[in-house]
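Presented below is the structure to which this report refers.
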Amino acid sequence: MKIGNSKEFAIFKLLKKFTYILILLFGINFTSFAQQNKLNGDPGSSTAKFIKFYPNPATSVINFDFQKNYDNSFTLLIFNFMGKKVYEIKNIPQRTNISLEDFYRGIYVYQLRDKNGVTLESGKFQVVK
């Protein structure tokens, strides 16, 4: 019995290390998308705010309003702080209200993407309950 347990323990330790590495790599990748908010990939272009969101912090609902360059083919994605996608709306209307009833307290990151999946804008907001 002892030999089997030590093999299982060694496998468990290996899986645990592998999991930590994946979390680290995913975290680095997750935070890097925030730097992709240049328009058309042109290093000389200035960043533009497409969306105004309020209130921040939010308790029960958060509102997203387009400020300029609205296109109904945009997609809005919301991720929790661990990087898991918790909300997605395709063909987003010009004014969107999102209920936070199913959201836990914490920091969330939104991404606005065009129809090709390019991130146009990203930001963060806080849910307090």
Stretchable slack from Lys49 to Arg105, in nm (0.36 nm times residue separation minus alpha-carbon distance):
17.6 nm
Relative contact order in percent for segment 36-127 (Cα pairs under 8 Å, 6+ apart) equals 29
Which ³J(HN,Hα) values in Hz, rounded to whole numbers, follow from the phi angles of segment 6-16 under the Karplus curve 6.51 cos²θ - 1.76 cosθ + 1.60, where θ = phi - 60° and Gly and Pro get x?
5, 5, 5, 5, 5, 5, 4, 4, 5, 5, 5
Inter-probe distance in nm under a simple model that places probes 7 Å from Cα toward Cβ, at Phe81 and Thr59:
2.1
Using the number of other C-beta atoms within 10 angstrom as an exposure proxy, rank Leu14, Leu77, Leu112 with the fewest first.
Leu14, Leu77, Leu112
Sequence neighbours fewer than 8 away in the same chain don't count; with that in mind, list the lysines whose C-alpha is under 25 Å from Lys16.
Lys2, Lys7, Lys84, Lys85
May I ask for the percentage of alpha-carbon pairs in segment 36-127 that lie more than 15 Å from each other?
58
Between the modelled labels at Glu8 and Asn72 (7 Å from Cα along Cα→Cβ) the distance in nm is 5.8
Would you tally the net charge around Lys52, using a Cβ to Cβ cut-off of less than 12 Å, leaving Lys52 out, and scoring K and R as +1, D and E as -1?
+1
Out of residues 5 or more away from Glu121 or on other chains, whose amide H comes under 5 Å of its own, with H placed 1.01 Å from N in the peptide plane?
Leu112
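No value in this document is a laboratory result; all are computed from the given coordinates. Keep in mind it's a predicted model, so treat the numbers as computed, not measured. Note that we place each Cβ from the backbone using ideal geometry, even for glycine, and neighbour counts take in every protein chain shown.
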